[in-house]
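Notes follow once the structure below has been shown.
The values are calculated or read from the model by the stated rules, or taken from the named source; none is laboratory data. What you see is a predicted model; the values in this text were computed from it and never measured. Cβ placement follows ideal geometry from the backbone for every residue including glycine, while neighbour counts extend to all protein chains displayed.
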Amino acid sequence: MSIFKTGLASAVAIGCCLSMVACDLDTVPQAIYIIGSVKPDDSCKVKAQGGASAEFLGKGTLDLSVGVRYQAYLMTSNKFPSSESLTGFQPPDARLDSSTVSIQAAEITYRLDAALLAQESVVSTLAELGIPPSTRITMNVPAAATIVANTSLPVVLDLIPNNMGLVFRSIPQIAEGQVIEVVAEVILTGFRSDDKAIKTAPWEFAIYLCNNCMVNHVFSESVAKQPFTWPGLEEPLDPTKDMGAFCVPGQDIPMTNAWCGAQYGPDSGKQDLCRLNRCLGKATDTLECEADPKVLPAPAKPPE
């Protein structure tokens with residue numbers, strides 16, 4: 001088929017779905033799609049539309065000695081033509097254009113190495129969270145954004161939510177110092193304003209999981225453990241300057257070891273030796289601590 005005929009077929013298919021004629025949006029060329037994962041600015045924000053200055057991440061890193069959550073800003077484009085451009089008529093009132101898309105959730109599939117599922121710690125953590133052991137684990141996470149026709153908007157979601165982070169933290173090879181790559185396949189789902197269901201094409205993003213690779217040990221361990229009250233300090237460390245300029249702990253941007261003491265040392269008011277040692281890079285057998293909370297999936301939606 002020629003390029004002209006293919007393009008014509010695409011236009012007819014999309015036009016069909018913008019009219020009152022019923023059709024399946026999964027079978028037409030994608031009019032809504034994920035452009036990429038945008039790097040947030042120094043204030044941990046991403047501008048709507050992105051702009052020419054938007055910086056996209058080619059991969060992600062999550063230090064499981066620090067955190068278990070990876071948050072992403074997925075710039076998503078809505079290329080459905082507006083009703084006005086199709087009909088030539090101005091909108092009669094304040095109703096949303098039928099091509100406006102409301103994102104409601106993300107379906108994320110993680111691809112795991114089969115060798116990881118041979119680890120008892122991984123299988124038991126999956127069982128505790130009610131997740132079946134499989135080399136392809138799929139789960140749904142909340143997402144919310146309203147994208148009008150011919151615009152783009154960042155959709156903020158946990159690409160690795162807490163419960164999956166707990167699963168990855170149970171992988172013994174990571175505690176031993178290996179870097180494990182996990183590929184997340186993302187499909188955004190939602191509805192157009194005319195109630196037609198939509199979903200994006202699958203978009204993939206690699207996240208590297210590590211043990212203490214995002215912690216810079218710039219302070220001595222004694223100072224890091226007590227960054228505000230260590231006797232040798234002339235003045236307490238400044239949380240806004242001495243901890244690091246990260247957005248989510250352990251994700252992509254390095255932090256200093258003083259953050260560990262601020263969170264889990266004597267100065268924190270909630271001292272936890274296991275978490276403190278883990279954050280300081282001393283955990284080599286396991287990254288799990290007894291006090292780690294177990295995050296369970298939300299209850300399934302009851303049948304209507």
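Residue-by-condition table, conditions (1) of a type in the set (Lys, Arg); (2) surrounded by 14 or more Cβ atoms within 10 Å (Cβ to Cβ); (3) under 19 Å from Gln71 (Cα atoms):
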{"residue": "Ser98", "(1), (2), (3)": "no, yes, no"}
{"residue": "Ile103", "(1), (2), (3)": "no, yes, yes"}
{"residue": "Ile108", "(1), (2), (3)": "no, yes, yes"}
{"residue": "Thr125", "(1), (2), (3)": "no, yes, no"}
{"residue": "Gly130", "(1), (2), (3)": "no, no, no"}
{"residue": "Val141", "(1), (2), (3)": "no, yes, yes"}
{"residue": "Leu153", "(1), (2), (3)": "no, yes, yes"}
{"residue": "Pro172", "(1), (2), (3)": "no, yes, no"}
{"residue": "Val182", "(1), (2), (3)": "no, yes, yes"}
Inset, instruction - Look at Lys270 and say whether it is outside the structural domain of Arg69 (by TED's automatic domain parsing), closer than 30 Å to Leu74 by Cβ and loosely packed, with under 12 Cβ neighbours inside 10 Å. - result: no
Legend entry - Some residue of segment 276-287 being within 22 Å of the chain's Cα centre (by Cα) and closer than 30 Å to Leu116 by Cα: yes
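Of the residues Lys39, Lys79, which is modelled with pLDDT of 85 or more, surrounded by 13 or more Cβ atoms within 10 Å (Cβ to Cβ), under 30 Å from Gly177 (Cα atoms) and of a type in the set (D, E, K, R)? Break it down stepwise before answering.
Details: Lys79 fails: under 30 Å from Gly177 (Cα atoms).
Residue meeting the stated conditions: Lys39.
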Legend entry - Residue list for segment 223-260, restricted to those being in contact with an Asp or Glu (Cβ under 6 Å, 6 or more places away or on another chain), farther than 22 Å from Gln71 by Cα and buried (at least 20 other Cβ atoms within 10 Å of the Cβ): Gln226, Ala258
Inset, instruction - Count, please, the residues in segment 180-214 that happen to be more than 23 Å from Leu166 (Cβ to Cβ), among the hydrophobic types (A, V, I, L, M, F, W, C) and more than 18 Å from the chain's Cα centre (by Cα). - result: 3
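To keep it simple, each residue is scored yes or no on (1) within 15 Å of Ile34 (Cβ to Cβ); (2) not assigned by TED's automatic domain parsing to the domain that holds Gln271.
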residue	(1), (2)
Glu185	yes, yes
Arg192	no, yes
Val223	no, no
Phe228	no, no
Gly232	no, no
